[in-house]
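S.K.: Got a structure for you, questions after.
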Ligand code: NDP
């Protein structure tokens, strides 16, 4: 398989395709992560909220890979982002993962109760304590990215947000880029709905690739962009990583980006802060 793209951002080196694990639990999660590492994934995405950090850690250990070879991300749920609680949440995640440090610790969603500056300072403190090599944010709007960056001298390395061809994220992507951050696309396949899109299918046929591979190639071909597709299927796990030996033409990239539509967002929990407000 061709070499993977590594995204460099504020001192972090992040493999451009990671394995998402949301909704994978217990044995199914262990197997998916094991298959992923066997297929060549070197980036795993979990969260305290996914209740699967134990099988993720067990599969990592069972792989026999050097700890330094795999980039592991976990996240702190908004109920736990107050100073003190955040560090405790990170310690509990490490215990479940069986690791002494994660590569990346994210605030999973901005909290409606704890000011961004307080939670980001707690995140920076977790890094200083050695719980995480790098820190970042998730589901932060452009405006909240600015608040987060202003709250600490510690570098934030990514903002993990929903992104796929049906959802334009230009504004929030630009906000992170201004501060040297990567952008991590979650729900990169639009929860698989996009694979039936006629434009994507036509491009996939021309390259003799699958629609999912075309979508993931569109992600990683955008500078500073990481994607974390999830699958519980061994064949699709391998398929989703196999995107580093072809390239889309600029007009194809643009045709795919032009599929964005106003109702493209898939993830907008009622309790979350609005993601679209003006910066
Ligand atoms: P995805 O866009 O990754 O879609 C996952 C779905 O696509 C599954 O139903 C999967 O089914 C299917 N699929 C995977 N590969 C293929 C393929 N090659 N062809 C066709 N269908 C495919 O959605 P997610 O919401 O899971 O997002 C990915 C990850 O992002 C999550 O697992 C999680 O780690 C992270 N995330 C983070 C959030 C945050 O708030 N920070 C929020 C949501 C997600 P099957 O298993 O059968 O292959």
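S.K.: Does residue 38 satisfy the condition of being away from the ligand (no atom under 16 Å from the Cβ) and assigned to a strand (DSSP E or B)?
M.R.: Working: away from the ligand (no atom under 16 Å from the Cβ): yes; assigned to a strand (DSSP E or B): no.
Answer is no for this residue.
S.K.: Give the residue, chosen from 90, 48, 62, that is on the phi < 0 side of the Ramachandran plot and surrounded by fewer than 17 Cβ atoms within 10 Å (Cβ to Cβ).
M.R.: Details: 90 fails: surrounded by fewer than 17 Cβ atoms within 10 Å (Cβ to Cβ); 48 fails: surrounded by fewer than 17 Cβ atoms within 10 Å (Cβ to Cβ).
That would be 62, the only listed residue that is on the phi < 0 side of the Ramachandran plot and surrounded by fewer than 17 Cβ atoms within 10 Å (Cβ to Cβ).
S.K.: Yes or no: residue 245 more than 18 Å from the chain's Cα centre (by Cα), more than 8 Å from the ligand (Cβ to nearest atom), assigned to a loop (DSSP other than H, G, I, E, B) and closer than 18 Å to residue 3 by Cβ? Lay out the reasoning, then the answer.
M.R.: Numbers: more than 18 Å from the chain's Cα centre (by Cα): yes; more than 8 Å from the ligand (Cβ to nearest atom): yes; assigned to a loop (DSSP other than H, G, I, E, B): yes; closer than 18 Å to residue 3 by Cβ: yes.
Here the answer is yes, as residue 245 does meet what is asked.
S.K.: For residue 77, only one of the following conditions fails: (1) buried (at least 19 other Cβ atoms within 10 Å of the Cβ); (2) in contact with a helix residue (DSSP H, G or I) (Cβ under 6 Å, 6 or more places away or on another chain). What is its number?
M.R.: The number of the failed condition is (1).
S.K.: Another one. Would it be correct to say that residue 252 is over 22 Å from the mean Cα position of the chain (by Cα) and surrounded by fewer than 18 Cβ atoms within 10 Å (Cβ to Cβ)?
M.R.: Values: over 22 Å from the mean Cα position of the chain (by Cα): yes; surrounded by fewer than 18 Cβ atoms within 10 Å (Cβ to Cβ): no.
Here the answer is no, as residue 252 does not meet what is asked.
S.K.: Cβ-Cβ distance below 9 Å, separation of 6 or more or different chains: which pairs start in region 229-255 with a residue that is free of Cβ contacts under 8 Å to residues at least 12 places away in the same chain and end on one that is within 16 Å of the ligand (Cβ to nearest atom) and part of a helix (DSSP H, G or I)?
M.R.: Within 9 Å, the pairs are 233/32; 233/35; 233/239.
S.K.: Looking at (1) free of Cβ contacts under 8 Å to residues at least 60 places away in the same chain; (2) within 15 Å of the ligand (Cβ to nearest atom); (3) surrounded by fewer than 24 Cβ atoms within 10 Å (Cβ to Cβ), which one does residue 53 not meet, given that it meets all the others?
M.R.: Answer for residue 53: the failing condition is (3).
S.K.: Something else now. Residues that are within 21 Å of residue 8 (Cα to Cα), within 16 Å of the ligand (Cβ to nearest atom) and modelled with pLDDT of 95 or more, at least 3 per element: which helices (runs of 4 or more DSSP H) completely within region 120-216 meet that? Give the derivation first.
M.R.: Working: elements: 142-150, 170-178, 198-207.
In region 120-216, the matching helices (runs of 4 or more DSSP H) lie at 170-178.
The values are calculated or read from the model by the stated rules, or taken from the named source; none is laboratory data. All figures in this text were calculated on a predicted structure; none of them were measured in a lab. Heads up, the Cβs are rebuilt from the backbone with ideal geometry, glycines too, and the neighbour counts pull from every protein chain shown.
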